[in-house]
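The values are calculated or read from the model by the stated rules, or taken from the named source; none is laboratory data. Here the structure is a predicted model, which is why all the values come from computation and not from measurement. Ideal geometry is used to build each Cβ from the backbone, glycine not excepted, and the neighbour counts take in all protein chains shown. With ligands, DNA and RNA removed, areas are computed over all heavy atoms of the protein, side chains included. Shrake-Rupley method; radii C 1.70, N 1.55, O 1.52, S 1.80 Å.
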Amino acid sequence: MSGIALSPIGTMVAVTAAILIAATLLVILLRRLRPAKDFSELSARIQSWWMMAGVFFAAILVDSRVSLVFFAFLSFWALKEFVTLLETRAADHRALFWAFLAVPVQYVLVGMGWYGMFVLFIPVYMFLFLPLRLVIAGEAAGFVRSASQIQWGLMAFVFGLSHLGYLLRFDEPLPGRGVDGRTLVLFLVFVTEMSDVLQYAWGKLLGRHKILPTISPNKTWEGFVGGILSASALSLLVRFLTPFSVWETLIVSLLICVVGFFGGAVMSAVKRDLGTKDFGSLIPGHGGVLDRVDSLCYSAPIFFHYVRYFH
């Protein structure tokens, strides 16, 4: 037990459990202090966080191949939620088959460690192939819309999220703290998700000035600044997961938070265009899987390439 407790991942499990216990106790306290107010949504969100944290840590702690399957499932389900909301044509069905087939292929490339093909398969080869498959279907009306939507979904939800899986391939200890790819994934996910949660919390408490009123009315400057600064400060608590110095941790966390905000804003525009509040209903209080990983679609590639080039 002492070895697990002293390991970076074991420590991260304890930190996450402490945060969730504190949040759970806070809801209990709020219900007693303000019995007339409805805290059911907040309670559902926290219960879902317990579930998501448990599943995520289980996927990280087991064999790396199982971890890759887990991330592949996230990409598959996120793409499924996106495609489900689209107005597709009969001519799109074969192209969509190949788009979903690209998910396991992309993660097989990750498992092989074939970096060159990993960064080219979807942005180049699927980009060239999918429009051709749509052309073969013989339906010109709606061609541009279908080709654009399918390829964009692949880029965001498969290519973007697959960088989480490739981070796991950093098996050798990185200089400075003896950390590896699994701890880097934990750091990235922690900072990204805490930024989302804290932006929401600060926005509810102090939000007055809207950033994108026609895209995401709930996003405010107060929530943006407060959430990003507080999440960056909290990142110092989990610096043991990284090879970064104090100042580099703050800078990298700030980058993750800002880019994650951009990802969330883009997905808000997608939902508004498609006329839906959430991408799904799989996770109580949160919506769908895509509602929970939207920020990671942007922050994962940026963080991955930062680590790869500088560490």
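Being of a type outside the set (Val, Ile, Thr), more than 19 Å from residue 198 (Cα to Cα) and surrounded by 16 or more Cβ atoms within 10 Å (Cβ to Cβ), is that true of even one residue in segment 45-55?
No, because not a single residue in segment 45-55 is of a type outside the set (Val, Ile, Thr), more than 19 Å from residue 198 (Cα to Cα) and surrounded by 16 or more Cβ atoms within 10 Å (Cβ to Cβ).
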Among residues of segment 101-120 being open to solvent by 50 Å² or more (accessible area, probe 1.4 Å) and in a helix (DSSP H, G or I), the residue nearest to residue 132 (Cα to Cα) is 101
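Hey, any hits in segment 196-210 for a residue that's within 14 Å of residue 257 (Cα to Cα) and under 12 Å from the mean Cα position of the chain (by Cα)? Steps first, please.
First, pick out the residues of segment 196-210 that are within 14 Å of residue 257 (Cα to Cα): 196-200.
Then keep just the ones that are under 12 Å from the mean Cα position of the chain (by Cα); that gives 196.
Checking segment 196-210: at least one residue is within 14 Å of residue 257 (Cα to Cα) and under 12 Å from the mean Cα position of the chain (by Cα).
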Scanning segment 179-228 residue by residue, those more than 22 Å from residue 300 (Cα to Cα), open to solvent by less than 30 Å² (accessible area, probe 1.4 Å), not in a helix (DSSP H, G or I) and not polar (S, T, N, Q) turn out to be 207
Within segment 247-275, of all residues that are surrounded by 23 or more Cβ atoms within 10 Å (Cβ to Cβ), closer than 15 Å to residue 236 by Cβ and not β-branched (Val, Ile, Thr), the one farthest from the chain's Cα centre (by Cα) is 253
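Of the residues 95, 90, 102, which single one is out of contact with any Ser or Thr (no Cβ under 9 Å at 6 or more places or on another chain), more than 27 Å from residue 170 (Cβ to Cβ) and not polar (S, T, N, Q)? So that I can check it myself, show each step before the final result.
Values: 95 fails: out of contact with any Ser or Thr (no Cβ under 9 Å at 6 or more places or on another chain); 102 fails: more than 27 Å from residue 170 (Cβ to Cβ).
After applying the criteria, what remains is 90.
Scan segment 84-97 for residues that are farther than 28 Å from residue 166 by Cα and assigned to a helix (DSSP H, G or I) and jot them down. Break it down stepwise before answering.
Pass one, segment 84-97, residues farther than 28 Å from residue 166 by Cα: 85-94.
Within segment 84-97, 90, 91, 92, 93, 94 meet the criteria.
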The lone condition residue 303 fails out of (1) surrounded by 23 or more Cβ atoms within 10 Å (Cβ to Cβ); (2) under 24 Å from residue 211 (Cα atoms); (3) of a type outside the set (Asp, Glu) is (2)
Output for Cβ contacts, cut-off 6 Å, separation at least six or different chains, first residue in a strand (DSSP E or B) in segment 273-292, second of a type outside the set (Gly, Ala, Ser) and open to solvent by 30 Å² or more (accessible area, probe 1.4 Å), reads 287/278
The residue from 183, 220, 192 that alone is hydroxyl-bearing (Ser, Thr, Tyr) and over 20 Å from the mean Cα position of the chain (by Cα) is 220
By residue number, the members of segment 260-294 that are hydroxyl-bearing (Ser, Thr, Tyr) and within 19 Å of residue 80 (Cβ to Cβ) are 276, 281
In segment 81-100, anything open to solvent by 70 Å² or more (accessible area, probe 1.4 Å) and not β-branched (Val, Ile, Thr) is listed as 87, 90, 93, 94, 97, 98
